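J.: The structure is given below, and queries will be raised subsequently.
The values are calculated or read from the model by the stated rules, or taken from the named source; none is laboratory data. Since the structure is predicted, the reported quantities are computational estimates derived from the model, not experimental observations. Counting neighbours? That spans all protein chains shown, and the Cβs are built from the backbone with ideal geometry, glycine included.
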Amino acid sequence: MGSFVARIPWIASHVGVEIGQLGLALLMPGLGALLAMPFAGRLAHRHAFRPFVTTTIAAFCASLVLTTLPTSLVLLCLALLVFGATAGLADMAMNAQGVLIEKSLARSVMSSLHGFWSVGLLVGSVVSALASHAGIDTRLQFALTSIVLAAGGAVAARFLLDDPTSTELAAPPAFALPTRPVLLIGLVGLCAIFGEQAGADWSAVYIQRELGGSASVGALAVSAFAVTMAAARLMGDRVIGRLGPVRTVRLSGACAVAGALAIVLAPDLAIGLVGFALLGIGVAVVVPLVFAAAGRVGPHPARSIAGVAGVAYASGLFAPGVIGAVAAASSLTTSFCLVAVLTAIMALAAGVLRRR
């Protein structure tokens, strides 16, 4: 994903799309994931974890190459739809394995696993930046990246756990919408991902337009958000182990609200940067805890995780547009007031994550 994001300008230039058309195309990965999720539980039940994780990661890697081939907007949208669908299935499979490992170890590890996703995002973007600087063609870079990652996924999958109860349970429906408990957990994830999208996509713009910062300071805001979020995830399991998921999410929500309010009320650039750093810390561990809580609902963890992921991906799909629409109607400051409200709701609703 980091490799892809850093190469979006090349893809847009290669296809020949304008900024508005590119915005439409970039809705497709989230939509693809959303469409794939209702089928994920049945697929996970029918296949053992090791081949399922290997196959979904390999498909995701292959679809990365697919994004470099289109020469028209329609073909690009179709390629990104497949890219998002395979990403969503791989994400569900890996999170379901994470839940199984947590049960085996009887302690929280999901936050650290998601922390390595953040590390991967950073590494992938750096590799793409270096490849671009060296003049390496994106198609060649993505092909090599896909081979390396698919091979690494296949090797790692050999050491995964299989669910000993999967064969004892009746198969879930081929197409399944989220149940009420899963939906409630998913709404907590929706609030967290809305805040995450706001920090990732709009921090640089906010610093420049609302606080008068330079492009370099705007980039620093993105870094402050991303680095604190990754660090909080890597250290989050210790906090979760001491406080439990509910108290951790409430504390995280308070931190996120403080960050959003600091952004809204910032009198200068320094306070704005601190606000984005606090927002990154505040939303970091909530999504891992949401997936872990979903894995404890019902007899089919993969199905519950797929339902939560569907709600969460919906937030990721619509958050940038909602923030942009509110900003167009009022201001970006008003948009971050909405972020403060949603992260407050996230904290207040933390009780749905309680271990039962």
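J.: Of the numbered conditions (1) under 19 Å from Ser3 (Cα atoms); (2) touching a Ser or Thr at 6+ places or on another chain (Cβ under 8 Å), Leu161 satisfies every one except a single condition; which is it?
T.: So Leu161 meets the others, but not (1).
J.: Something else about it: Out of (1) under 17 Å from the mean Cα position of the chain (by Cα); (2) crowded, with 24+ Cβ neighbours inside 10 Å; (3) modelled with pLDDT under 85, the odd one out for Ala314 is which?
T.: Going through (1) under 17 Å from the mean Cα position of the chain (by Cα); (2) crowded, with 24+ Cβ neighbours inside 10 Å; (3) modelled with pLDDT under 85 one by one, Ala314 breaks only (2).
J.: Now for a separate question. From the list Ala200, Ala231, Ala258, which one is modelled with pLDDT under 90, under 20 Å from Val287 (Cα atoms) and hydrophobic (A, V, I, L, M, F, W, C)?
T.: Numbers: Ala231 fails: modelled with pLDDT under 90; Ala258 fails: modelled with pLDDT under 90.
Just a single option satisfies the conditions, and that option is Ala200.
J.: Considering the stretch 2-46 alone, what residues qualify as being among the polar types (S, T, N, Q) and modelled with pLDDT under 85?
T.: Just the residues of the stretch 2-46 that are among the polar types (S, T, N, Q), to begin with: 3, 13, 21.
Gln21, the sole residue that qualifies.
J.: Condition first: of a type in the set (D, E, K, R) and over 20 Å from Ala294 (Cα atoms). Can you find one or more residues in the stretch 39-52 that meet it? Step through it out loud before you land on a result.
T.: Pass one, the stretch 39-52, residues of a type in the set (D, E, K, R): 42, 46, 50.
Going one step further and asking which of them are over 20 Å from Ala294 (Cα atoms), we end up with 50.
Checked against the condition, which is being of a type in the set (D, E, K, R) and over 20 Å from Ala294 (Cα atoms), the stretch 39-52 yields at least one hit.
J.: Continuing with the same structure: Could you identify the single residue in Gly115, Gly98, Gly88 that is under 27 Å from Pro9 (Cβ atoms) and touching a helix residue (DSSP H, G or I) at 6+ places or on another chain (Cβ under 8 Å)? Talk me through it step by step, then tell me what you get.
T.: Working: Gly115 fails: under 27 Å from Pro9 (Cβ atoms); Gly98 fails: under 27 Å from Pro9 (Cβ atoms).
Of Gly115, Gly98, Gly88, the one residue that is under 27 Å from Pro9 (Cβ atoms) and touching a helix residue (DSSP H, G or I) at 6+ places or on another chain (Cβ under 8 Å) is Gly88.
J.: Under 6 Å between Cβ atoms, at least 6 apart or on separate chains: pull out the pairs that start in the stretch 16-29 with a residue that is closer than 25 Å to Gly88 by Cα and end on any residue that is aliphatic (A, V, I, L, M).
T.: Gln21/Leu73; Leu22/Ala12; Ala25/Leu76; Ala25/Leu80; Met28/Leu80; Met28/Leu81; Pro29/Leu80
J.: Same structure again: Would you check if there is a residue in the stretch 204-227 being out of contact with any strand residue (DSSP E or B) (no Cβ under 9 Å at 6 or more places or on another chain), buried (at least 23 other Cβ atoms within 10 Å of the Cβ) and among the polar types (S, T, N, Q)? If you could, list the steps in order and put the result at the bottom.
T.: Restricting attention to the stretch 204-227, the residues satisfying the condition of being out of contact with any strand residue (DSSP E or B) (no Cβ under 9 Å at 6 or more places or on another chain) are 204-227.
Filter again for buried (at least 23 other Cβ atoms within 10 Å of the Cβ), leaving 206-207, 221, 225.
So of that shortlist, the ones also among the polar types (S, T, N, Q) come out as none.
Scanning the stretch 204-227, I find no residue that is out of contact with any strand residue (DSSP E or B) (no Cβ under 9 Å at 6 or more places or on another chain), buried (at least 23 other Cβ atoms within 10 Å of the Cβ) and among the polar types (S, T, N, Q), so the answer is no.
J.: Take Ala200 and tell me if it is of a type in the set (A, V, I, L, M) and under 23 Å from Ala328 (Cβ atoms). Don't jump to the end; show me each part of the working.
T.: Working: of a type in the set (A, V, I, L, M): yes; under 23 Å from Ala328 (Cβ atoms): yes.
Yes; evaluated as a whole, the condition is true for this residue.
J.: Condition first: of a type in the set (Gly, Ala, Ser) and buried (at least 20 other Cβ atoms within 10 Å of the Cβ). Now tell me which residues in the stretch 59-75 satisfy that.
T.: Result: Ser63, single match.
J.: Among Leu144, Leu160, Leu130, Leu78, which is surrounded by 16 or more Cβ atoms within 10 Å (Cβ to Cβ), modelled with pLDDT of 85 or more and out of contact with any Lys or Arg (no Cβ under 8 Å at 6 or more places or on another chain)?
T.: Numbers: Leu144 fails: surrounded by 16 or more Cβ atoms within 10 Å (Cβ to Cβ); Leu160 fails: out of contact with any Lys or Arg (no Cβ under 8 Å at 6 or more places or on another chain); Leu130 fails: surrounded by 16 or more Cβ atoms within 10 Å (Cβ to Cβ).
Every option except Leu78 fails the conditions.
J.: Still on this model: Going by what's in this entry, would Ser3 be described as part of a helix (DSSP H, G or I), of a type in the set (Gly, Ala, Ser) and under 23 Å from Ala226 (Cβ atoms)?
T.: Values: part of a helix (DSSP H, G or I): yes; of a type in the set (Gly, Ala, Ser): yes; under 23 Å from Ala226 (Cβ atoms): yes.
The answer is yes for Ser3.
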